[in-house]
Amino acid sequence: MKIIVCIKQVPAKDAPLSISGNWIKESDIGFEMNEPDSYALEEALRLKEKHGGEVVALSMGPERVKQTIKEALAKGADRGIHISDDQFAQLDPLSAARTLAEALRKENADLILTGLQSDDHGFGQTGVLVATLLDLPHATIIMQIEVQEKKMRLKRELEAGWFQHIECPLPAVLSIQSGINKVRYATLKGIMAAKKKEIASMTRESLGVKSEPTQKIEKIYVPTKTKKTEFLTGTPAEMATKLVEKLKFDARVI
Amino acid sequence: MKILVITEQRQGKWNNTSFETLVAAQQIAADTGSAISALVIGKGVANFAEDLASKNIAEILLLEHDLLEAYTPDGYSLALSQVIGSSKPDLVLFPHTYQVRDFAPKLAAMMGKGMIADCVSFHKEGDKVVFVRQMFQGKTVADVTFQGASPWFGSFQSGAFRADLLKAHPSGKAPINKIAVELKPEQIRTKPLELFKEAKSSVDLTQAPVIVSIGRGIKAPENIPQAEALAKAIGGEMAASRPICDEGWLPMERQIGSSGQTVAPKLYLALGISGAIQHVVGMKGARTIVAINKDQNAPIFEIADYGIVGDIFEIMPALTAALEKAKT
């Protein structure tokens, strides 16, 4: 099976965010693999272990995203594709998907996986859009994949503890739900092997993608709080006593 | 402006977030002098259209077809693109449900348009409607505008608007108009099978008046007994954010969030929970929220009534002791 995983590099979870216009200041912060995508990558690696084939890690962004591709290679992906784009953070979901779709089109993958959403933009649309642009069937919020010949039996998650089984033909695009598996760490052996693996480079222009933006982030800001939070101070024992008092006499919930 | 709201129901029941989206539509309509249509899609769903006819909506569209009886992304996208092509709304709104996430971006993209999804509010700037959505897992929000010609597609987050604010029809009933679409079986590529529940459901968190919930800050399953002792002292049920349940440290039925339970208890105690969107969506309706987290910038503090910036491993035992003391 040829499986391509779309992986995004995002600001590290604990990175202090410094808002600058309609994005954040990228200098002085760390970046990491988008956690939802790491579940997609892990699922791809498991499918390869079971069915044979190849796992390709695809990522779009500035030069720094190569680090995340290398991490995917160290975990077991066979090769990488880097779509170089410094303005990547400004792309609306459809424009970003159009670029990814062009890179994916020539690859003729059996299966394309994405995470559910990114921890920075959080659009949650990439998988569905890529499927639409490539005219492939898709399913989202997937918790289990069973490959049978030219089709799959999938477990899809719904709200409130409900699930659904679906049959989906191959090739297809799936967006993977977090918790579908336990993500592996890269081994030292894998890190060494990654150095020899190929990362192909291309740009949005070289892919011939032209796209008008469909939406625009005007500005980003810290939300004005509608709720007034009362912060308690003191030693743990003092704060605990104060809190119990407030819950008992002010809020009257205990 | 013409606004079209796509409502959702499953297995004979409304997804109530449909009403929240109708409230959002009514507010946008009031601000922009627009008319609202609401659409019911499926098969054998005329009663849902009747439910909507008593509301302040200009027109109810009833879209039924054999191939729409069970939800599929192909079926819904192909059917709705025909409806949008013929009725030409400017703004198409959805509740941001798991089903909408599965087909709405496809529907928009089929028409060459983009979708602004999971919005928490909107406001007007001049004659433009600006949609607000969260970014960076709730740490910031963003003002987003549509670019280019309509139709425009947007969805609203569960709980962003209050369903009980839905205005009734002022004079009588809205007309219900049936629409026909063309669909062929070979166009529908995925085959939906049975829906099922997995969790034992030995506890119904939606009925618990007090909930003590743990997040990643609990660090290891060996630490959970401290939270359980606190839950016992305060008379609460244990719950958790998704990562805890994914790890198997607590059963899936204890999960609160978009994939788990949505609760509105008297008291919600969030221990070591950062406040990511997927979790908050499941508990922001709680009457009183107490958050304890060592990160003062954790988004959970945005919605907390009481906050303690501190180490949960110091606070949990202190709180348990204070609660025991208060009982005597």
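Name the one entry in A:SER211, A:SER201, A:SER206, A:SER178 that is touching an Asp or Glu at 6+ places or on another chain (Cβ under 7 Å) and not hydrophobic (A, V, I, L, M, F, W, C).
Testing whether each residue is touching an Asp or Glu at 6+ places or on another chain (Cβ under 7 Å) and not hydrophobic (A, V, I, L, M, F, W, C) leaves just A:SER178.
Within the range B:228-240, is even one residue part of a helix (DSSP H, G or I) and more than 14 Å from chain A (Cβ to nearest Cβ)?
Yes, there is a match, as at least one residue in the range B:228-240 is part of a helix (DSSP H, G or I) and more than 14 Å from chain A (Cβ to nearest Cβ).
Which residue out of B:ALA227, B:ALA291, B:ALA298, B:ALA239 is surrounded by 19 or more Cβ atoms within 10 Å (Cβ to Cβ), at pLDDT 95 or above and under 23 Å from A:LYS227 (Cα atoms)?
Result: B:ALA291 is the single residue among B:ALA227, B:ALA291, B:ALA298, B:ALA239 that is surrounded by 19 or more Cβ atoms within 10 Å (Cβ to Cβ), at pLDDT 95 or above and under 23 Å from A:LYS227 (Cα atoms).
Within the range A:227-238, work out how many residues are within 7 Å of another protein chain (Cβ to nearest Cβ) and more than 39 Å from the chain's Cα centre (by Cα).
Here the count works out to 1.
Hey, can you tell me all the residues within the range A:44-97 that are of a type in the set (A, V, I, L, M) and in a helix (DSSP H, G or I)?
A:ALA44, A:LEU45, A:LEU47, A:VAL65, A:ILE69, A:ALA72, A:LEU73, A:ALA74, A:ALA89, A:LEU94, A:ALA96, A:ALA97
Going through the range B:135-150 one residue at a time, which ones are more than 7 Å from chain A (Cβ to nearest Cβ) and either of a type in the set (Lys, Arg) or within 16 Å of the chain's Cα centre (by Cα) (or both)?
The one that is more than 7 Å from chain A (Cβ to nearest Cβ) and either of a type in the set (Lys, Arg) or within 16 Å of the chain's Cα centre (by Cα) (or both): B:GLY138.
Within the range B:140-156, which residues are in contact (Cβ under 8 Å) with a residue 40 or more places away in the chain and either of a type in the set (Val, Ile, Thr) or crowded, with 24+ Cβ neighbours inside 10 Å (or both)?
B:TRP152, B:PHE153, B:GLY154, B:SER155, B:PHE156
Can you spot a residue in the range A:142-158 that is under 17 Å from the mean Cα position of the chain (by Cα) and more than 20 Å from B:ASP246 (Cβ to Cβ)?
Within the range A:142-158 (the criterion being under 17 Å from the mean Cα position of the chain (by Cα) and more than 20 Å from B:ASP246 (Cβ to Cβ)), the answer is no, since none of the residues qualifies.
Residues checked against (1) outside any loop (DSSP other than H, G, I, E, B); (2) crowded, with 23+ Cβ neighbours inside 10 Å; (3) in contact with a Ser or Thr (Cβ under 8 Å, 6 or more places away or on another chain); (4) within 14 Å of chain B (Cβ to nearest Cβ):
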{"residue": "A:LEU113", "(1), (2), (3), (4)": "yes, yes, yes, no"}
{"residue": "A:ASP120", "(1), (2), (3), (4)": "no, no, no, yes"}
{"residue": "A:ALA131", "(1), (2), (3), (4)": "yes, yes, no, yes"}
{"residue": "A:GLN144", "(1), (2), (3), (4)": "yes, no, no, yes"}
{"residue": "A:HIS165", "(1), (2), (3), (4)": "yes, no, no, yes"}
{"residue": "A:LYS196", "(1), (2), (3), (4)": "no, no, no, no"}
{"residue": "A:ALA200", "(1), (2), (3), (4)": "yes, no, no, no"}
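Return the total of residues in the range B:294-310 being of a type in the set (A, V, I, L, M, F, W, C) and free of Cβ contacts under 8 Å to residues at least 24 places away in the same chain.
Number of matching residues: 2.
The values are calculated or read from the model by the stated rules, or taken from the named source; none is laboratory data. All values derive from a computational prediction rather than experimental measurement. Glycine also receives a Cβ, built like all others from the backbone with ideal geometry; neighbour counts cover every protein chain displayed.
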